[in-house]
Ligand code: SF4
């Protein structure tokens, strides 16, 4: 996927000013997710679960090479083809060969953020392959020609009226069709596609090293159909998705579903262990299973001692749902496949800080994301690391650097600071508000009033 994060501020402003309905739709949907998540964890020791999940994921990541080799060996024993892709272009090359060798003309795709990350759909279409998204939310944004706006709910920025209009135009449903009627129209079209596609593509929520099992969570049944009906199944799995043991899986399946949508567990969980008729004792399923293990910047991130913890992410979306900044715009403002707090720390690591600024600054640093993360990723700390690096590399604006430099020299000199507090009280608010360095900052915020008295004076007066 092309990265457009440099436009974040302009995109965010445009979405807020020109499409206020996006903010309404995203806020309503994320609030619902948050409420359901709270209910799901109400009777559980969430703290203990998240500490356990953190430990397991951190252990897997710090022994990643061993677990990946173990998973590969188990998969190969069961007849799967395992491919290693260092970059997006490696993924393209591998898929092109599978498509060409098998004369594939039509692909049904299950929801996969990794496939969005590596720009798979446009690539396959450039090879003359028809690609159909089978997750309803993904299908909707495919009709609109848009990238996903949320990790779990790709079309949450779209209203029912938007969806009615596009279905009417593309599928001929009535303009006032009910949600059930819309879903039925999509289902009818997709059912035929499952039966006629030569290849299904999925992601993978988890890859269990001990058994070589790929686990997939969903609610619609489209993943099961995409991975079992077509003759060939290709699973794209990020290398960070490894879990060491089979016994780890059931807890991660529950924690992920509860954090994502508040469900006890996804409506469907598919465990893929090999092609049909393989040693796994599964008579049904595709004739060929290809598992593509994708790096695409993850090894580099893992080697970075200050930010590697971002790789624990299980893509539940809980940090997006709680984030007051994400709620204003939805995901499209971020210009990258992963948005919200996790996007703001993953994007600089996977793509590069220069290419993805100002995403680490797209946060109020309130810390709510850290509180809801089921694998205890210290998101605010990681945002701070990227911000610090941006300053150290001279990537922030010259005005900002000058103002902060001036601020630092004043606040580290008590006498000067006291004098500055007195002088600030004499300057009218309207003047301060329009100073070049404060104009943008103060446009949407209340500017605190300087009292004209020093902190020590206020303290002596007993004002807290
Ligand atoms: S960072 Fe944590 S809360 Fe956010 S998507 Fe990843 S696992 Fe979920």
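Summary of computed values
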read-out: Most to least packed among 316-326, 208-218 [average Cβ atoms within 10 Å]; value: 316-326, 208-218
read-out: Solvent-free Debye scattering, log10 I(q)/I(0), computed from the Cα coordinates of region 194-253 at q = 0.15, 0.16, 0.19, 0.28 Å⁻¹; value: -0.47, -0.53, -0.71, -1.12
read-out: Intensity falloff of region 296-436 expressed as log10 I(q)/I(0), Debye formula with alpha-carbon point scatterers, at q = 0.09, 0.16 Å⁻¹; value: -0.37, -0.88
read-out: D_trans [Stokes-Einstein, Kirkwood Rh over alpha-carbon pairs] for region 109-173, 4 °C, 1.567 mPa s, µm² s⁻¹; value: 104 µm²/s
read-out: Percent antiparallel among DSSP beta bridges (both partners in the chain, rounded to 5); value: 25 percent
read-out: The chain: angle of helix 88-102 to the longest principal axis, Cα-based, in degrees nearest 10; value: 20 degrees
read-out: Angstrom value of the Kirkwood radius, inverse mean 1/r, which spans all Cα pairs in region 1-117; value: 19.7 Å
read-out: Helical contribution to [θ] at 222 nm, DSSP H n ≥ 4, -39,500 (n - 2.57), averaged over the chain, rounded to 500; value: -15500 deg cm²/dmol
read-out: Quotient of C-alpha Rg and 2.2 N^0.38 Å, computed over the chain; value: 1.09
read-out: Region 399-460: mean projected area of Cα convex hull, nm²; value: 4.5 nm²
read-out: Ranking of 370, 422 by count of other Cβ atoms within 10 Å, fewest first; value: 422, 370
read-out: Folded to 0 to 90 degrees: helix 379-392 orientation relative to the chain principal axis, Cα; value: 60 degrees
read-out: Of all DSSP beta bridges in region 211-291, antiparallel share, percent nearest 5; value: 55 percent
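Every number here is computed from the coordinates shown, using simple stated rules; none is lab data. Remember, it's a predicted structure, so these values are computed and weren't measured experimentally. FYI the Cβ positions are ideal-geometry reconstructions off the backbone, even for glycines, and counts take in every protein chain you see.
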